[in-house]
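The values are calculated or read from the model by the stated rules, or taken from the named source; none is laboratory data. Keep in mind the model is a prediction, meaning the values are calculated, not measured. Cβ placement follows ideal geometry from the backbone for every residue including glycine, while neighbour counts extend to all protein chains displayed. Note: accessible area is taken over every heavy atom of the protein model, side chains too, but ligands, DNA and RNA are not part of it. Shrake-Rupley method; radii C 1.70, N 1.55, O 1.52, S 1.80 Å.
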Amino acid sequence: MNKIISYTLLVRTVGIVLFGIIIWNLIWVINVFNPRAPLLSSIFIIGFGMTCFSYIISIMTNWGYKIPTARHLLDGQEPEVAVLIPTYGEPVDMVIRTIESVIDQDWPHDKLVIAVGDDGRNEDLNNAIIKLSSSTPVKIIYHTPYPKGHLLRMGEAKAGNLNSLLRFILKEFPDIEFIETRDADDLVGSKLFLKYCLGQLIDDRSISFVQTIKECQTSNGDPFSNMESVFYRQVMFSRHSSNAVFPCGSGLVWRLRELRRIGGFPHWNLVEDLQSGYEILLLGGKGCYLPIVGAVGQIAPEDIPNFYKQRGTWALDTLRLFFWKNPLFTNKLTVGQKLHFLELEYSYILSFAVFIYVIIISISLFFNIAPLVASKESYLSHTLTLIIAIEIFNYVRIRGISYKYLWRSRRIWIGLSPVFAISTIKALLFGPYKKPAYKVTRKSHMHSWYWQETITQYLIIIVLSSGIIYRMTKGNIDSIFGYESIAWALFFIYGYSQVVKNSWFMIFKSKLSIVPKI
């Protein structure tokens, strides 16, 4: 406990210092506005303001930090639990491995019901489940939801599948009070998963759902940042302290009455997880985060189209919530909850600031025009102070996690800025009553050189590299914004390089390593 208090005080102290430096820099930027390039300066101030605002939000959302006390059910205390596994086209052996991992938990077999909802209506899967059922006392049910477009189906994609499974459980097993949802490709990460999740739910009757860590099997070094270490091993503790934890689809246990309060799994968004938690919190519900590995994906997206599809869907769902069900405009959430949702949503909108910086830097390199009029001493003192303060803040807020994971996730975020920008536009254009078509994330890799999919990233790197060469050949590096623009160009080239590198991932080698569970 003392360590947590010390850690929290350190983050708050560094955050206050960073806030002061941000305000100091904002005042300075306005004062050194370049009147000879008003449009350029105005655009730069917008981008800089967007960045500063993101860190101000981060300072506030990292103000609290809470690790829940682990509650473990003893043998004989286990209630009956239904595990819902929606599937649509996943390989049969993958789904069976997931089911087997659920069965292999430390949980009595007579207290476990596994219901597999198959939107693909795969007879081979049905036969495999029948065969597996004959070798275990666990109730394993193969369920076929109403087909998409049917009047009785509640939701088109995964939400419709889950709602069908939910209605089946309510009808056939009316005494069950707890529901686990598990993706068809997610193995159980810890054999004590249900023991700890149900321990929380039974100990505290106010808890609506329990979310755990999601991991996955990745290639060496996790080049696509699929493990999301910073999010699951630091950010979620801050969210937990403000009751702003949201469901992440799998490795997740619900109190059934809370799902019934919101009418089952919502299907307004592309996928149900984020909105489910949001709707429950609006009704005064409570989420809980447990730092145990609850789910391990058997495969993670490691080719550009699949990766774009997954991250684009996350962004689109989050942004639809921001534009059409904005948490800032409701009186049903606390200030802390609103800030945490705003941080999540704003992180995608911030991608436009990246394009602003790229445009400003390119213009400065090719035309020797600076957005600010200040001495080099003044520029360096303000910029370096801000950069150092930001990096110190980032370092202390992710204590316990390797700094390289943060850098890798930031590079991925920069490289995905075109995807996030497109998702932002889609969320606006489609409006609140129409949503883009949803496609299931492919459960296989298709490695190729995806140069067309990364043409925007390539072009940005080429433009910035050409600008550096042009500026250096002109021999006026020491003029207005010279060294500074080159330094920032190199930074963004480095940022975009990870996604570019990933565009030819596994073409030259193919070694898969399973990341160990922690």
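Per-structure values
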quantity	calculated
Close pairs (7 angstrom Cβ cut-off, 6 or more residues apart or separate chains): closer than 18 Å to residue 264 by Cα and open to solvent by less than 10 Å² (accessible area, probe 1.4 Å) in segment 66-88, in a strand (DSSP E or B) and among the aromatic types (Phe, Trp, Tyr) anywhere	81/178
All helices (runs of 4 or more DSSP H) inside segment 230-283 with 3 or more residues being under 29 Å from residue 434 (Cα atoms) and among the hydrophobic types (A, V, I, L, M, F, W, C)	273-282
Qualifying position, being surrounded by 13 or more Cβ atoms within 10 Å (Cβ to Cβ), farther than 30 Å from residue 184 by Cβ and of a type in the set (D, E, K, R), among 442, 397	397
Number of the condition not met by residue 119 [criteria: (1) among the acidic types (Asp, Glu); (2) under 27 Å from residue 317 (Cα atoms); (3) touching a residue at least 60 places away in the same chain (Cβ under 8 Å)]	(3)
Residues that are modelled with pLDDT under 95 and of a type in the set (Val, Ile, Thr), drawn from segment 260-291	271
Selected residue [within 30 Å of residue 272 (Cα to Cα) and touching a Gly at 6+ places or on another chain (Cβ under 8 Å)] from 435, 426, 443	443
Pairs, first part of a helix (DSSP H, G or I) in segment 25-46, second open to solvent by 50 Å² or more (accessible area, probe 1.4 Å) and aromatic (Phe, Trp, Tyr), C-beta under 7 Å, six or more apart	41/33
Residue count, segment 128-166 (criterion: in contact (Cβ under 8 Å) with a residue 12 or more places away in the chain, assigned to a helix (DSSP H, G or I) and either open to solvent by less than 20 Å² (accessible area, probe 1.4 Å) or over 17 Å from residue 89 (Cα atoms) (or both))	11
Unique match (being open to solvent by 10 Å² or more (accessible area, probe 1.4 Å) and touching a residue at least 24 places away in the same chain (Cβ under 8 Å)) among 351, 347, 364	347
Long-range neighbours under 6 Å by Cβ, at least six apart or interchain, first residue over 11 Å from residue 64 (Cβ atoms) within segment 2-14, second aromatic (Phe, Trp, Tyr) and modelled with pLDDT of 85 or more	14/393
Test set (1) assigned to a helix (DSSP H, G or I); (2) out of contact with any Asp or Glu (no Cβ under 8 Å at 6 or more places or on another chain) - residue 436 fails condition number	(1)
Residue, nearest to the chain's Cα centre (by Cα), within segment 167-195, restricted to residues that are part of a helix (DSSP H, G or I) and surrounded by fewer than 22 Cβ atoms within 10 Å (Cβ to Cβ)	195
Matching residues in segment 367-395 - criterion: being of a type in the set (Ser, Thr, Tyr), free of Cβ contacts under 8 Å to residues at least 60 places away in the same chain and closer than 17 Å to residue 23 by Cα	381
Selection status of residue 341, open to solvent by 50 Å² or more (accessible area, probe 1.4 Å), within 24 Å of residue 316 (Cβ to Cβ) and modelled with pLDDT of 95 or more	no
Residue in segment 74-81 that is polar (S, T, N, Q) and assigned to a loop (DSSP other than H, G, I, E, B) present	yes
Total residues in segment 87-117, condition within 14 Å of residue 185 (Cβ to Cβ), out of contact with any Asp or Glu (no Cβ under 7 Å at 6 or more places or on another chain) and outside any loop (DSSP other than H, G, I, E, B)	9
Qualifying residue in segment 286-306 (condition: acidic (Asp, Glu), over 24 Å from residue 238 (Cβ atoms) and either within 13 Å of the chain's Cα centre (by Cα) or not in a helix (DSSP H, G or I) (or both))	yes
Condition met for residue 353 (within 22 Å of residue 456 (Cα to Cα) and more than 18 Å from the chain's Cα centre (by Cα))	yes
Residue in segment 286-295 that is among the aliphatic types (A, V, I, L, M), within 29 Å of residue 64 (Cβ to Cβ), touching an Asp or Glu at 6+ places or on another chain (Cβ under 6 Å) and open to solvent by less than 40 Å² (accessible area, probe 1.4 Å) present	yes
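Matching residues to (1) open to solvent by 50 Å² or more (accessible area, probe 1.4 Å); (2) touching a residue at least 40 places away in the same chain (Cβ under 8 Å); (3) farther than 23 Å from residue 351 by Cβ; (4) out of contact with any Phe, Trp or Tyr (no Cβ under 8 Å at 6 or more places or on another chain):
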site	(1), (2), (3), (4)
421	no, yes, no, no
426	yes, yes, no, yes
436	no, yes, no, no
452	yes, no, no, yes
461	no, no, no, no
490	yes, no, no, yes
497	no, yes, no, yes
